[in-house]
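Input: a single structure, listed below in structure tokens.
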Amino acid sequence: MTLAESPAPCHVRLVGIQVDAGVRMRLRELGMHDGATLRVWKRSVFGGRVVVVAGSRIAIDAATAGCVEVEVLAGDGSCPGDVPAGAARLLAAAS
């Protein structure tokens with residue numbers, strides 16, 4: 001999944017960046033490197049994303065967001081429809 005396809009709000013892990021070297025270096029300077037955890041904070045009207053990386057909000061345009069591969073971190077309760085692990089245990093015990 002790409003950053004452009006990810007839901008908001010949600011936590012994701014960065015898997016790879018498929019852009020030219022200059023843009024990749026700038027994203028790494030901002031803390032967006034392989035394995036980094038990002039919070040997708042907002043979706044913009046034209047498909048871009050605002051992400052939180054190490055406490056800083058960064059706006060990513062739609063074209064760049066489409067080149068950033070991520071995986072959703074399931075079970076932390078941050079994604080729409082996601083149930084936190086602790087709540088899932090309570091629900092299972094109650095049934």
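The values are calculated or read from the model by the stated rules, or taken from the named source; none is laboratory data. None of the values given here were measured: they were computed from a predicted structure. Ideal geometry is used to build each Cβ from the backbone, glycine not excepted, and the neighbour counts take in all protein chains shown.
From the list R39, R13, R26, the lone residue that is touching a His at 6+ places or on another chain (Cβ under 9 Å) and not in a loop (DSSP other than H, G, I, E, B) is R39. The conditions of being closer than 15 Å to H11 by Cβ, at pLDDT below 95 and assigned to a loop (DSSP other than H, G, I, E, B) are not met by G47. Considering segment 1-60, and only residues there that are among the basic types (K, R) and in contact (Cβ under 8 Å) with a residue 40 or more places away in the chain, the residue that is farthest from E71 (Cα to Cα) turns out to be R49. Flag: A4 matches the condition of being at pLDDT 90 or above and surrounded by 15 or more Cβ atoms within 10 Å (Cβ to Cβ). Scan segment 31-59 for residues that are more than 16 Å from P7 (Cβ to Cβ) and surrounded by 15 or more Cβ atoms within 10 Å (Cβ to Cβ) and the total you get is 5.
Residues satisfying the criterion are present in segment 62-78 (criterion: of a type outside the set (D, E), modelled with pLDDT of 90 or more, closer than 18 Å to T2 by Cα and in a loop (DSSP other than H, G, I, E, B)).
The set of residues in segment 1-50 that are of a type in the set (F, W, Y) and either in contact with a helix residue (DSSP H, G or I) (Cβ under 6 Å, 6 or more places away or on another chain) or under 16 Å from A63 (Cα atoms) (or both) contains only F46.
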